[in-house]
1. Here is a list: VAL82, VAL115, VAL23. Which entry is modelled with pLDDT under 95 and not small (Gly, Ala, Ser)?
2. Which residue, of VAL50, VAL23, is in a helix (DSSP H, G or I) and over 23 Å from HIS100 (Cβ atoms)?
3. Quickly run through region 89-111 and pick out the residues that are touching a residue at least 60 places away in the same chain (Cβ under 8 Å), surrounded by fewer than 17 Cβ atoms within 10 Å (Cβ to Cβ) and assigned to a strand (DSSP E or B).
4. When the residues of region 68-80 are narrowed to those that are touching a helix residue (DSSP H, G or I) at 6+ places or on another chain (Cβ under 7 Å) and in a strand (DSSP E or B), which ends up surrounded by the most Cβ atoms within 10 Å (Cβ to Cβ)?
Amino acid sequence: MINTHNKCIRPIVRKTVIKGTIVLAIFSLFLEITPSRIINYIIFVILWYVLLSIYILWKQRHEYCIEDKLITIRGLTGVRTVDLRQVVDCFISQGILAKHFNCGSIYLVLQNGKVIIIRDIPQPNTYYELLCRGM
């Protein structure tokens, strides 16, 4: 059982690495990689993984702390608090890779029409029940 008092979770990033690698592989299929251009391709791959690493670091900086009636979202841009009493609808989004890694995103629709996304958290069904059970 998950303790609802100050339970903090972070996004899972393994899926992001695999998705980035799959996109690179698919993109590489359409490139003309010849011996004379291999250095350019290697530079491209290095840049790809540098950018992917920056995105992963940004993603890892997010933290979602769940309290009784609040969610505190910490990220690079600051801290935001969401009152769970303002949530009018919520749902889970989970793709094939997310199901494999048992992670997913929970979308919280607030009374003012804003949507808060809790991205790539582990055990999304458990947290969905925790966050959306009283609606």
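1. Answer to the selection: VAL82.
2. VAL50
3. Within region 89-111, no residue meets the criteria.
4. This residue is ILE71.
Quick grid of which residues meet (1) out of contact with any helix residue (DSSP H, G or I) (no Cβ under 8 Å at 6 or more places or on another chain); (2) surrounded by fewer than 11 Cβ atoms within 10 Å (Cβ to Cβ); (3) in contact (Cβ under 8 Å) with a residue 60 or more places away in the chain; (4) not hydroxyl-bearing (Ser, Thr, Tyr):
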{"site": "VAL45", "(1), (2), (3), (4)": "no, no, no, yes"}
{"site": "VAL50", "(1), (2), (3), (4)": "yes, yes, no, yes"}
{"site": "SER53", "(1), (2), (3), (4)": "yes, no, no, no"}
{"site": "ARG61", "(1), (2), (3), (4)": "yes, no, no, yes"}
{"site": "ILE66", "(1), (2), (3), (4)": "no, no, yes, yes"}
{"site": "VAL82", "(1), (2), (3), (4)": "yes, no, no, yes"}
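The values are calculated or read from the model by the stated rules, or taken from the named source; none is laboratory data. Quantities reported herein were computed from a predicted structural model and do not represent experimental measurements. Counting neighbours? That spans all protein chains shown, and the Cβs are built from the backbone with ideal geometry, glycine included.
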